[in-house]
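Accompanying notes for the structure given below.
The values are calculated or read from the model by the stated rules, or taken from the named source; none is laboratory data. Bear in mind the structure is a predicted one, so any value in this text is a computation, not a measurement. Neighbour counts run over all protein chains shown; Cβ positions are idealised from the backbone, glycine included. Just the protein is used for accessible areas: all its heavy atoms, side chains included, with ligands, DNA and RNA removed. Shrake-Rupley method; radii C 1.70, N 1.55, O 1.52, S 1.80 Å.
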Amino acid sequence: MSPDAVTLAVSVHGRDEEHPSVQRFISGGDPRIESIAPMAATGSPAVILRQDLLSLRRTVGSGHVILALPENLDILPFLVELWRTRSGATSLGDHYEAAPVLVAVDPAPFMADIGCVHQAVHLWNGWDRTAPLTQAEAAARQVESADVLYVPAREGADSRSASGVAFLVEQMNGAAPLLDLSADEGHLVRPLPADFGEQWLARLDHIVTPGIRRGSAHLTPSVESVLWRARRPVHPQRLADALATVMRGVVRSRGHLWFSSRPDAVVTWRSAGAHLDLREAGRWLEPEETGAWEAAAPHRRTLASWFWHDYYGERRNEIVFTGVDLDEQAIRLALDEALLTDRELAQGRDAWAAVPDPLLG
């Protein structure tokens, strides 16, 4: 890192219906920051920290600033909000170049969190709080927000646990390398590409499925990811019947589905630990709706063009499963059998919409 870097550490506390209390602590080798006392303010975390960073730039000038964020922030939405320029405000992009997001994963607490689905938590996304999430979902989101992952090594028996967690998080976020403290890690302070804001937004889009890491030297056979894709509607009742087989050994899964009972809606699939969440999240892009195509984000149009069908548009199923000792063949077979048959498909949309739907009612 940089020896003259300034660290701005943050904690956020608040009740559901109130603006949070945002505590900030500044440290570093520059003597000019000694006059800056620990600070507390009430309001939007993103607005407060944007002003802090601009004030810090005016006080210290050039140099690296490490922003140490708490675990009760929804990191990617928070960063999008932090970097967004509001009307009449100065942009952070005029004064800072964003660097990679480093997420450190403490093995024991992470494994406890990823298995906890009975405790509801709220995360601050920059402006307000998210809907209730399971502790497992919050932990998974932290890992998936990283550009670089770090799992501290442990001595003795704990080293095996740390290695297993490293294998797991590396699969959960296939785009983020594991930090090796013995190597040259200059990429941690190397600025992100100019389109980093669009990349953050793309990763938040419900239609984007996480990539799979292949061929890594860190992988172990027991931890793996499975990508399933299909290009016909899913029968909700048969999918419900298949869940016990599909979810066996799964720690994290993300994707989207084309439900026969809701042919116009994108149905998102997201699981963490033993909790599975299915919900409607927008509409599919249609061949005849040019206005919707033009209004879609560039990354959405790019994805749609890869999978475009002249009749069905972008409709498709795509889910990535990550877990331990997954039976890839069983997962694929169970999901394939949940698709509409040729005979059901030939009956048309009215017949599809009439099939029983125990999952979304």
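On the stretch 212-361, 49 percent of the accessible area sits on carbon and sulfur atoms, based on a 1.4 Å probe. For the stretch 291-347, the list of chymotrypsin sites (Phe, Trp or Tyr not before Pro) that fall in a loop by DSSP and count at most 15 other C-beta atoms within 10 angstrom reads Trp308, Tyr311.
Applying both filters, DSSP loop and at most 15 other Cβ atoms within 10 Å, to the GluC sites (Glu not before Pro) of the stretch 261-360 gives Glu288, Glu289.
For the options Thr59, Thr130, Thr245, a Gaussian network treatment of the chain with springs between C-alpha atoms closer than 10 Å singles out Thr59 as fluctuating the most. Axis angle, to the nearest 10 degrees, between helix 135-144 and the longest C-alpha principal axis of the chain: 70 degrees. Over all directions, the projected convex hull of the C-alpha atoms in the chain averages 20.9 nm² in area. Which residues make up the longest stretch of the chain clear of trypsin sites (Lys or Arg not before Pro) that lie in a DSSP loop with no more than 12 other Cβ atoms within 10 Å, not counting the sites? Result for the longest clean stretch: 215-361.
Applying the Karplus relation 6.51 cos²θ - 1.76 cosθ + 1.60 with θ = phi - 60° to the stretch 62-67 yields 3J(HN,Hα) values of 6, x, 8, 10, 9, 9 Hz, where x marks Gly and Pro. Between Val47, Val234, Val105, the GNM of the chain built on Cα springs shorter than 10 angstrom shows Val47 fluctuating the most. Taking the longest Cα principal axis of the chain as reference, the axis of helix 328-337 is set at about 50 degrees.
Taking every protein chain into account, the accessible area of the chain amounts to 50 square angstrom per residue (probe 1.4 Å). Given the options Ile114, Ile212, Ile26, which has the most mean-square fluctuation in a GNM of the chain, springs set between C-alpha atoms less than 10 angstrom apart? Comparing Ile114, Ile212, Ile26 in a Gaussian network model of the chain, the most mobile one is Ile26. Accessible area of Val250 (1.4 Å probe, protein heavy atoms only, ligands and nucleic acids ignored): about 10 Å².
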